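Chemist: This is the structure, below, for whatever I ask next.
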Amino acid sequence: MDSGRISEHGFLADGRSAVLVDRAGSVNWWCPERFDGPSVFGRLLGDDAGHWSIQPVGSFTTDRSYLDGTLVLRTVFTTGQGTVAVTDALALEPGARGHDIGLRSPRVLGRMVEGLSGEVPVRLDYRPRFEYGRVMAYLVETDGVIGATAGACHLSLRGDVPLTLGEGDASATFTVRAGETYRFTLGYAPTYDAAPPHLPDADRVVADAVAGWRSWADLHRDHYRGLFRDEVRRSALVVQGMTYGPSGGIVAAATTSLPEELGGDRNYDYRFVWVRDFSLTLQALWRAACPDEADRQFSWVGRAMGRIGDEPVPIMYGVQGERDLTEHTLDHLPGYADSRPVFVGNDAWKQRQSDVLGEVLDAAWLMRHYLDPMMPDVRHLLRSLADQATVTWRLPDAGMWEARDAERHYVSSKVQCWTALDRAVRFGPRLGEPSDVARWAAARDEVREAVLDRGWNERLGAYAGAFESDRLDASVLMMPLVGFLPADDERMRSTMDVVERRLSRGGLLRRWDDDPAGFVICSFWLVGCLALAGEVDRAGDLFAQLAGRVNDLGLYAEQIDQVTGEHLGNFPQAFSHIGLINAAGLLTEAVERHRAAGRPRQPVPAGTGRTEGARS
């Protein structure tokens, strides 16, 4: 496998977990129990960590796409002998539709091989490896089903061709003729507390998944009618695919330890739910989905946080609200492109990140009409977060980029403390007594004065990343997005210019000077800032550039190399897709403001081949 091509993978989801399958038809990642559970296929992180490939024998070319409105992947292989298609889908609960998809998915992967022309020899290799490649199971065939059991994990594989069993693997070579279809179904179940998985035919898995995903997409098809409609809808589908259905939490990414820099050591586990992402996620769901998804998200964070006291607010959780995400390394794995260490867990859960206070209160303000009347537990949570902000804003923290070397007085953290206090003041008597509101307002004004004074760097001509710092940081682009400063404020405008000039290349914006690659959401933040500043043409052109940076399936990783265009970091990255949705919304609103003001309508930028006009 070409270890330098994160973007060669497609993404399947079922509301519990994700499968990554590459262009050559190899399933290289699946943690069937849940997103952050142990893998049964982990080839992304090492060749010996398991995979399941179905591909033509010999040389071939591929063309692939999602079936419209779904996360069902169809890959067409063209060879000198003919053409075959492989259709891959993670099963949804039979009959699940609309908002019910992903709640009770059976943890089954279906793969269909269809002959389109000629006669094509096809090779299947099945190499399950449990616990991130630590455990090789015994494979036993019983009544045409190949069982693999070791430790807490059991897999059952059934297909239309007999497989030859080896030492911990199974394989077959068969010829697929035009008009023929071969079906393979793989199911997971815990070893000791469940029956063996039910294995429906793969065509039934695919049909149910197509119907389920399309029913969800149809519910939201007309909710967003702005610019770049197709891109927004695809990103909304990806975000929904990264939602853990039973709880409603959205994981940051489907993978662990895919590197920010090939061969580097910043290889973290992103299969958890970050409060940092919360407000932006809610805004994206509000724009591209509907209030049902946003309401589930708010309910999830309330349950996960529980009753807040004076202790620092946890900044991330497991998909069911777990707090202890202690990090450890998998030393037996070489890592993606020899990028070590390979991590399970993420010690950032211990950090103080003051921006989370603003994220939750900003989200609550967005949801304010749905929080009326406000339940006592929600009121207590929001009051506690506002009270923390009156103290926490004075303290250094790890910042939104989760620095592990030292705590600093990050400007973006102070700004989000301001956001927390500002939204608490806006809630007014719904949240606190007059004395509380006055106290929050006084602290809010103190934060603002400190940021404007200590965050500005005259030498840079920009707001720096931290107080009394000379280091640029793209996180300060959040200032107009949360309403701290208008985008056309003189200092803010200068900051945008400096950040773009110093950190951007080819439309991709790094977080800081020595960041190894462009960070996708930062680039979309710049789009939003330009749109808010009234620079609609520049914002539209930049959005079109970024929209063209997706892989062939419309997916983003976390970062993109500014020179090579290579996708880097965990994949797919919810933050990147959330950034696209929110930037498209801000750009649409800017175009509409221009039109309402009687200015000439700005054309929708070209460049992706899938753009659509503004709302009429």
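The values are calculated or read from the model by the stated rules, or taken from the named source; none is laboratory data. Source: prediction; values computed, not measured. Because the Cβ atoms are built from the backbone with ideal geometry, glycine has one as well, and the counts that use them run over all protein chains shown. The accessibility values were calculated without ligands, DNA or RNA, using every heavy atom of the protein model including side chains. Shrake-Rupley method; radii C 1.70, N 1.55, O 1.52, S 1.80 Å.
Chemist: R0 = 60 Å: FRET efficiency of Asp100 with Thr61, Cβ-based, nearest 0.05?
Modeler: Efficiency, rounded to the nearest 0.05: 0.95.
Chemist: So, one more: Given contacts defined as C-alpha pairs under 8 Å and at least six residues apart, what's the relative contact order of the chain, whole-number percent?
Modeler: Relative contact order, the chain: 13 percent.
Chemist: Hey, how many Å between the Cα centroid of the range 57-89 and the Cα centroid of the range 270-332?
Modeler: 36 Å
Chemist: Still on this structure: Residue by residue, what Karplus-based ³J(HN,Hα) values in Hz, rounded to whole numbers, does the range 55-71 have, using 6.51, -1.76 and 1.60 with θ = phi - 60° and x for Gly and Pro?
Modeler: For the range 55-71, the Karplus-derived couplings read 7, x, 6, x, 7, 7, 10, 10, 9, 9, 6, 7, 4, 3, x, 9, 10 Hz, x marking Gly and Pro.
Chemist: Based on DSSP H assignment, which helices of the chain show an axial Cα extent of at least 20 Å together with a mean Kyte-Doolittle hydropathy greater than or equal to -0.5?
Modeler: 202-220, 376-392, 411-427, 574-596
Chemist: Quick check on packing: order 424-433, 126-135 by the mean number of other C-beta atoms within 10 Å, highest mean leading.
Modeler: Top of the packing list down: 126-135, 424-433.
Chemist: Taking the Cα centre of each part, how many Å lie between the range 232-268 and the range 511-526?
Modeler: 17 Å
Chemist: Follow-up question, since we're still on this one. Roughly how many Å² is the accessible area per residue of the chain, as a whole number, for a 1.4 Å probe?
Modeler: Solvent-accessible surface per residue comes out at 36 Å².
Chemist: Let me ask something additional. Each label point is 7 Å from the Cα along the Cα-to-Cβ direction; what then is the distance between the points at Arg394 and Arg221, in nm?
Modeler: Going from the Arg394 label point to the Arg221 one covers 5.7 nm.
Chemist: Report the FRET efficiency, 1/(1 + (r/R0)^6), for Ala403 and Arg459, where r is their Cβ-Cβ distance and R0 is 22 Å, rounded to 0.05.
Modeler: 0.45
Chemist: Can I ask one more? Going by a ≥ b ≥ c, the root eigenvalues of the Cα gyration tensor, does the range 188-311 fall in the rounded group (a/c under 1.5), the prolate group (a/b larger than b/c) or the oblate group?
Modeler: The shape class here is rounded.
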